[in-house]
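In what follows, a single structure is set out as structure tokens and then discussed.
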Amino acid sequence: MAVDVRDLIGRRGSSRAVRVAEPVPGLETAMARIPEERSVDAALLLESVVEGILASGPLESVMVLVCSRCLKPYERSLRVEVSELFVRGATPEDDEYPLLEGEIDIEPMIRDAVLTEMPFAPLCRPDCLGLCPRCGGDRNLRECDHDDYEQSQSDDQQAWKES
């Protein structure tokens, strides 16, 4: 996603608004993803500063998540604010992004911002009961009748310890 910024380079204080809405492939973790057919919307303000070009504004999309307790997929909107600097001569080890020949590539910035905002252990709701460890049933739909089994195991263990 290259953006031409030749009109801003060397003109400190000048700025321009840019709107981009494109899919970004590979935005996924183990439990969260943005499907490749969905776009990431960016409403960025590009500003010429002494160091280079400052890109700031919101990124928005919709994530598909898998609940870490009940394993059901669900969707949630994503909004993350970015404020990143693009400079000449930046390398992958730097905190800034590269400014190359009058263009900035905003895809790495989008990828970094979105991936760090994706939850590690998403929950479909805070009180999700998850799956039954014995039968695998969804305890949000119905409560399992394994209390008698667990109690009889506990009684058997206690009897064994006493003998």
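Bear in mind that the values in this text are calculations on the coordinates, not laboratory data. The model shown is predicted, which means the values in this text are computed figures rather than measured ones. Every residue, glycine among them, receives a Cβ derived from its backbone with ideal geometry; neighbour counts consider all protein chains shown.
Could you list all residues from segment 90-106 that are aliphatic (A, V, I, L, M) and in a loop (DSSP other than H, G, I, E, B)?
Ala90, Ile106
Please count how many residues of segment 43-65 are under 30 Å from Arg134 (Cβ atoms), among the β-branched types (Val, Ile, Thr) and crowded, with 18+ Cβ neighbours inside 10 Å.
Step one: filter segment 43-65 for residues under 30 Å from Arg134 (Cβ atoms), giving 64-65.
When the remaining residues are screened for being among the β-branched types (Val, Ile, Thr), the result is 64.
Filter once more, keeping what is crowded, with 18+ Cβ neighbours inside 10 Å: none.
Qualifying residue count for the region: 0.
Please verify whether segment 121-133 includes one or more residues that are touching a His at 6+ places or on another chain (Cβ under 8 Å) and over 16 Å from Ser83 (Cβ atoms).
For segment 121-133, residues touching a His at 6+ places or on another chain (Cβ under 8 Å) and over 16 Å from Ser83 (Cβ atoms): present.
Out of Ser56, Ser15, which single residue is in contact with an Asp or Glu (Cβ under 7 Å, 6 or more places away or on another chain), closer than 25 Å to Asp95 by Cβ and free of Cβ contacts under 8 Å to residues at least 40 places away in the same chain?
Answer to the selection: Ser15.
Sort out which residues of segment 74-132 are farther than 24 Å from Gly52 by Cα and touching a helix residue (DSSP H, G or I) at 6+ places or on another chain (Cβ under 7 Å), and write them in order of number.
Leu78
Only one of these is surrounded by 14 or more Cβ atoms within 10 Å (Cβ to Cβ), out of contact with any Phe, Trp or Tyr (no Cβ under 7 Å at 6 or more places or on another chain) and of a type in the set (S, T, N, Q): Ser77, Ser39, Ser83. Name it.
Result: Ser39 is the single residue among Ser77, Ser39, Ser83 that is surrounded by 14 or more Cβ atoms within 10 Å (Cβ to Cβ), out of contact with any Phe, Trp or Tyr (no Cβ under 7 Å at 6 or more places or on another chain) and of a type in the set (S, T, N, Q).
Among what's in segment 86-115 and is under 17 Å from Val18 (Cα atoms) and within 17 Å of the chain's Cα centre (by Cα), pick the residue that is surrounded by the most Cβ atoms within 10 Å (Cβ to Cβ). It would help to see each step written out before you state the result.
Here is the first cut: in segment 86-115, the residues under 17 Å from Val18 (Cα atoms) are 86, 99, 102-110.
From what's left, within 17 Å of the chain's Cα centre (by Cα): 106-110.
Working: Ile106: 26, Glu107: 16, Pro108: 15, Met109: 20, Ile110: 23.
So, considering only residues that are under 17 Å from Val18 (Cα atoms) and within 17 Å of the chain's Cα centre (by Cα), the one surrounded by the most Cβ atoms within 10 Å (Cβ to Cβ) is Ile106.
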